[in-house]
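Notes follow once the structure below has been shown.
The values are calculated or read from the model by the stated rules, or taken from the named source; none is laboratory data. Quick caveat: nothing in here was measured; it's all calculated off a predicted structure. We place every Cβ from the backbone using ideal geometry, glycine too, and count neighbours over all the protein chains shown.
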Amino acid sequence: MSILYDPKDRGFSEAMSAIDRCQIAMLRELANSTDGRLILKGGMAMRVAVGSMRLTKDVDFDRAAGVSTASVQSSVKKALHYAAQSAGLRGAEIDPGKSTETTVRMRLAGTIAGAGVRFVVEVSGPHPVPRDCQSRVQVVPPSRYGIAPFMMTTYSHAMLAASKVMAVMSANRNVPRDVYDLNDLLSADPVSIIATRIPPAELQDIRDKVLKKVCAIDFEQAQQELLPYIPPDQRDSLSKQHWEELTLNVAQMVQHWVTKALP
């Protein structure tokens, strides 16, 4: 069971709280309408499956084989309408974006209490996610939201960790949230997933470069890109020294995982 905290109780702005409420309402609608065929991943999966304190600006899914693009478009659009109504969004607009056979991307925008609310939903695939890489989680939304508990299919902890390793080591990606999320996943064991999804030569490259790459994501970048999405009391306690210790711990654990995954 995952009991979600209320962002308003932790000092977040009205806009951030409204975005979270919209996102959770959308999740419930999609969970009921897609019956586990959309697998939650990324930052919202961290919130739902791991209990992360980080809020997210986007919501990402993989879709199972056999789920058509048209079906995903219809389900997401309906869920976003429900989300806007649930949160009391004014002037709500759904931008259908440019969908392809492998990606459906939509955006919800509106206002609440004079503040702008906007977030993106992206569904990738079809990507087959093995059953042992999935989890079924009972989600209990904040009571203020008035949303009944529901079951959600998410990446497992191990799958989340493996996906975050691949993200943080991506050549064109350098974002503090990957480090923050991996710190929440240090107790996971993604070795077998990493071993089957990353070629040995790439594993060796990660092993050799991870310390330099992860530790290059500095505190100033974290202040700009990460801190607005974590509770104010955590922002105050995250010093430069703490961040540097956190990045080093994460880099060393990733190095440990990929070393064990090497044949």
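Just checking, how many residues over the stretch 39-97 are among the hydrophobic types (A, V, I, L, M, F, W, C), surrounded by 15 or more Cβ atoms within 10 Å (Cβ to Cβ) and under 29 Å from Met166 (Cα atoms)?
Residues meeting the conditions: 16.
Would it be correct to say that Val48 is among the β-branched types (Val, Ile, Thr), more than 12 Å from Glu122 (Cα to Cα), in contact (Cβ under 8 Å) with a residue 12 or more places away in the chain and in contact with a Lys or Arg (Cβ under 7 Å, 6 or more places away or on another chain)?
Spelling it out, it is not the case that Val48 is among the β-branched types (Val, Ile, Thr), more than 12 Å from Glu122 (Cα to Cα), in contact (Cβ under 8 Å) with a residue 12 or more places away in the chain and in contact with a Lys or Arg (Cβ under 7 Å, 6 or more places away or on another chain).
Let's see how each residue does on (1) in the same structural domain as Ala83 (by TED's automatic domain parsing); (2) in a loop (DSSP other than H, G, I, E, B); (3) among the aromatic types (Phe, Trp, Tyr):
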| site | (1), (2), (3) |
| --- | --- |
| Val123 | yes, no, no |
| Pro128 | yes, yes, no |
| Lys164 | no, no, no |
| Ala195 | no, no, no |
| Val210 | no, no, no |
Which of the following residues is under 29 Å from Leu182 (Cβ atoms) and not in a helix (DSSP H, G or I): Gly91, Gly36, Gly116?
Gly36
Within the stretch 8-24, tally of residues that are buried (at least 23 other Cβ atoms within 10 Å of the Cβ) and either among the small types (Gly, Ala, Ser) or without any contact (Cβ under 8 Å) to a residue 60 or more places away in the chain (or both):
3
Picked from the stretch 196-217 (must be of a type outside the set (Lys, Arg) and free of Cβ contacts under 8 Å to residues at least 24 places away in the same chain), the residue surrounded by the fewest Cβ atoms within 10 Å (Cβ to Cβ) is Ala201
Criterion (aliphatic (A, V, I, L, M) and in a loop (DSSP other than H, G, I, E, B)) met by exactly one of Val59, Val67:
Val67
